[in-house]
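**Q** One structure coming up, written as structure tokens, with questions to follow.
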Amino acid sequence: MSADQTKGPAWAFVRLVLLVIGGIVLAQVLVSLLIHRDTGLGLDDLLVFGGGALLGVLIEFVFFRRTRR
């Protein structure tokens, strides 16, 4: 197996992890700027965390892993 074949899947995984983390951070910042939340962990934090992770996954699969036709 050549180095090019192993580099592709590894880079895709790293990119996915970075996009998920970036989506979570972006969602936290946007929600903090838009609404006033209490400091305790609650359902809103869970929704923001999940929404940010979903945003990162959607960006990965819509823009980067689209099937070429």
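The values are calculated or read from the model by the stated rules, or taken from the named source; none is laboratory data. Predicted model, so just to flag it, every value in this text is computed and none were measured. When we count neighbours, we look across all protein chains shown, and the Cβ atoms used for this are built from the backbone with ideal geometry, even at glycine. Surface accessibility is based on the protein's heavy atoms, side chains included, excluding ligands, DNA and RNA. Shrake-Rupley method; radii C 1.70, N 1.55, O 1.52, S 1.80 Å.
**Q** Would you please give the FRET efficiency between GLN28 and VAL62, computed as 1/(1 + (r/R0)^6) with r the Cβ-Cβ distance and R0 = 22 Å, to the nearest 0.05?
**A** FRET efficiency, GLN28 to VAL62: 0.50.
**Q** Round to the nearest 10 and report in Å² the accessible area of VAL29, as given by a 1.4 Å probe over the protein chains' heavy atoms.
**A** Accessible area of VAL29: about 70 Å².
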